[in-house]
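To keep things clear, I will list the structure first and then write my remarks on it.
Throughout, read-outs are computed from the coordinates displayed, never taken from laboratory work. Treat the numbers as computed from the prediction; the structure is a model and nothing was measured. Glycine also receives a Cβ, built like all others from the backbone with ideal geometry; neighbour counts cover every protein chain displayed.
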Amino acid sequence: MKKIETSILIDATIEEVWQVLSEFKAYSQWSPTIKQFEKQPVVGERCKVLLQQPNGFKIKMNPKFLSINSIANCAGKEIYSFQVFLMASIILG
């Protein structure tokens with residue numbers, strides 16, 4: 001399975017960051033590409049996600065959320081993550 005991983009340093013408390021990342025209905029307010037989650041993601045279930053590129057290209061994905069949790073305490077800092085499994089089929093439109 002291919003893996004895509006990224007990281008960023010954010011000047012905020014862990015609680016502030018997690019509040020933003022776990023508020024799925026608000027993603028369209030700050031994400032340039034994630035426009036809508038069909039419902040609140042639940043671990044072990046699929047949730048359709050509408051993505052739209054700035055040029056207008058849209059795709060709808062149906063990932064299975066494998067985990068939504070705090071995964072580690074590293075050097076005194078708690079690390080949070082989302083882990084999803086993406087279906088090979090993508091709905092274009």
Kindly state, to the nearest 0.05, the FRET efficiency for Ser22 paired with Phe57, given R0 = 22 Å and r defined as their beta-carbon distance. 0.20
What list of ³J(HN,Hα) values in whole Hz, one per residue of region 20-33 in order, does the Karplus curve 6.51 cos²θ - 1.76 cosθ + 1.60 (θ = phi - 60°) give from phi, with Gly and Pro shown as x? 5, 5, 8, 9, 4, 5, 9, 4, 5, 6, 10, 8, x, 10
Residues whose placed amide H lies under 5 Å from that of Gln36, excluding near-sequence neighbours: Leu50
